[in-house]
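The values are calculated or read from the model by the stated rules, or taken from the named source; none is laboratory data. Because the structure is a prediction, the values reported are computed rather than measured. FYI the Cβ positions are ideal-geometry reconstructions off the backbone, even for glycines, and counts take in every protein chain you see.
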Amino acid sequence: MSHPRLEHQGTSKVLELLHIDLMGPMQVAIIDGKRYVLVVVDDFSRFTWVNFIREKLDTFESFKELCTQLQREKDIGIVRIRSDHGTKFENSKFHEYYTGECIKHEFSSPITPQQNGVVGRKNITLQESARVMLHVKHLPYHFWAEAINTVCHVHNRVTIRAGTTTTLYELWKGRKPTVKYFHVFGSKCYILPYRDYRRKMDPKSDEEIFMGYSTNSIAYRVYNSRTQVVMESINVVIDDVAKDQVPDMVPGVEAYAETSAQEKEIHETVTESETNSIEAELDNAEMRK
């Protein structure tokens, strides 16, 4: 049964209602063994947060830490929280926390994910976008968390809230975002290894892979294939348009070239046939004379 779409906002301020859901387990664990994603969406601004955890049992601690951070940032309390009836959200730890913080916990009806559709649709957006980013750059699956984190970071800053002309970031932060520092996920980049000892003729930079943006500092996240570690640094040179990436960015060039060559060959064949027929007619005319 389809549910009618709301034509108005159900909340009037941030933290009035939070939608939460757990995505996972993923088919491959990331480098530090995490397989689940806790997704939290503010109903008013639709600003989104993602936390990566190892097991379902870690859901409460991750959510509690995020709630404390959000309430201190806005200096107001959370009014309501909406989730499904999963045991990861419906247990004694959550009940005691909500009682102590005076938070009302709302549940969606059984077998009715539409009632928690805000975070459900957000899960689809994060997962599908991350999947495309990994396959386009031919990256291993264990980078899925970096891709989801980058999607969430970008989505918060470029998406316009439905029914408004304002981005999610501006509704949450109260100021317009900047996107000047955005780069293509999975691009080649070069970083100065200032911690390693380098001799005079050694290369002064390492070739790495751009993995997105830091969540708690002004820095980029990059993967060093030599040390197999994801690190953060601001001293990064990113090559968004590498030579080996140009054919992928302009699809159909080779097919167009092959088609043009075939047309040229056909045209030359037709022209040669027409020339031969004209010469034969001239020869016949001379013989009649």
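Does any residue of the range 195-207 turn out to be crowded, with 19+ Cβ neighbours inside 10 Å and not hydroxyl-bearing (S, T, Y)? Among the residues of the range 195-207, not one is crowded, with 19+ Cβ neighbours inside 10 Å and not hydroxyl-bearing (S, T, Y), which makes the answer no.
F60 meets the conditions (1) touching a helix residue (DSSP H, G or I) at 6+ places or on another chain (Cβ under 7 Å); (2) within 28 Å of T164 (Cα to Cα) in every case but one. The failed one is (2).
Mind telling me which of the residues K13, K88 ends up being in contact with a Ser or Thr (Cβ under 8 Å, 6 or more places away or on another chain), surrounded by 12 or more Cβ atoms within 10 Å (Cβ to Cβ) and not aliphatic (A, V, I, L, M)? Unique residue meeting the criteria: K88.
Would it be correct to say that T227 is surrounded by 10 or more Cβ atoms within 10 Å (Cβ to Cβ) and at pLDDT below 55? Taking the combined requirement at face value, the residue does not satisfy it.
Let's see how each residue does on (1) out of contact with any His (no Cβ under 9 Å at 6 or more places or on another chain); (2) among the hydroxyl-bearing types (S, T, Y); (3) buried (at least 16 other Cβ atoms within 10 Å of the Cβ); (4) at negative phi:
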{"residue": "K104", "(1), (2), (3), (4)": "yes, no, no, yes"}
{"residue": "Q115", "(1), (2), (3), (4)": "no, no, no, yes"}
{"residue": "K137", "(1), (2), (3), (4)": "yes, no, yes, yes"}
{"residue": "V158", "(1), (2), (3), (4)": "yes, no, no, yes"}
{"residue": "T164", "(1), (2), (3), (4)": "yes, yes, no, yes"}
{"residue": "L168", "(1), (2), (3), (4)": "no, no, yes, yes"}
{"residue": "K180", "(1), (2), (3), (4)": "yes, no, no, yes"}
{"residue": "V184", "(1), (2), (3), (4)": "yes, no, yes, yes"}
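Need pairs with beta-carbon distance below 6 Å; first residue in contact (Cβ under 8 Å) with a residue 24 or more places away in the chain and within the range 65-94, second among the basic types (K, R) and in a helix (DSSP H, G or I); sequence gap 6+ or separate chains. From residues that are in contact (Cβ under 8 Å) with a residue 24 or more places away in the chain, the pairs are K88/K56.
Whether a residue is within 26 Å of the chain's Cα centre (by Cα), in a strand (DSSP E or B) and of a type outside the set (A, V, I, L, M) was assessed, and F60 does not pass this test.
Taken together, W172, W144 contain a single residue that is farther than 20 Å from Q27 by Cα and either in contact with a Gly (Cβ under 6 Å, 6 or more places away or on another chain) or surrounded by 16 or more Cβ atoms within 10 Å (Cβ to Cβ) (or both), which is W172. A single entry from D21, D42, D32, D84 fulfils the requirement of being assigned by TED's automatic domain parsing to the domain that holds I160, under 21 Å from A147 (Cβ atoms) and in contact with an Asp or Glu (Cβ under 9 Å, 6 or more places away or on another chain): D21.
With respect to (1) of a type in the set (A, V, I, L, M); (2) farther than 30 Å from N224 by Cα; (3) within 16 Å of the chain's Cα centre (by Cα), the lone exception for M133 is condition (2).
Filtering the range 219-237 down to residues that are of a type in the set (A, V, I, L, M) and part of a loop (DSSP other than H, G, I, E, B), which residue is farthest from D206 (Cα to Cα)? The qualifying residue farthest from D206 (Cα to Cα) is A219. Residue pairs whose Cβ atoms lie under 7 Å apart, sitting 6 or more positions apart in sequence or on different chains, and linking a residue in the range 224-248 that is under 14 Å from V184 (Cα atoms) to a partner that is modelled with pLDDT under 90, are V236/I191. The combined condition, being under 30 Å from Y213 (Cβ atoms), in a strand (DSSP E or B) and not aromatic (F, W, Y), is fulfilled by R82. Within the set N123, N149, N156, N116, the sole residue that is in contact with a Leu (Cβ under 6 Å, 6 or more places away or on another chain), closer than 16 Å to V39 by Cβ and not in a loop (DSSP other than H, G, I, E, B) turns out to be N156. Please go through the range 177-207 and pick out each residue that is assigned to a strand (DSSP E or B) and either basic (K, R) or in contact (Cβ under 8 Å) with a residue 24 or more places away in the chain (or both). Of everything in the range 177-207, those that are assigned to a strand (DSSP E or B) and either basic (K, R) or in contact (Cβ under 8 Å) with a residue 24 or more places away in the chain (or both) turn out to be K188, C189, Y190, I191. Within this structure, T150 passes the test of being in contact (Cβ under 8 Å) with a residue 24 or more places away in the chain and surrounded by 14 or more Cβ atoms within 10 Å (Cβ to Cβ).
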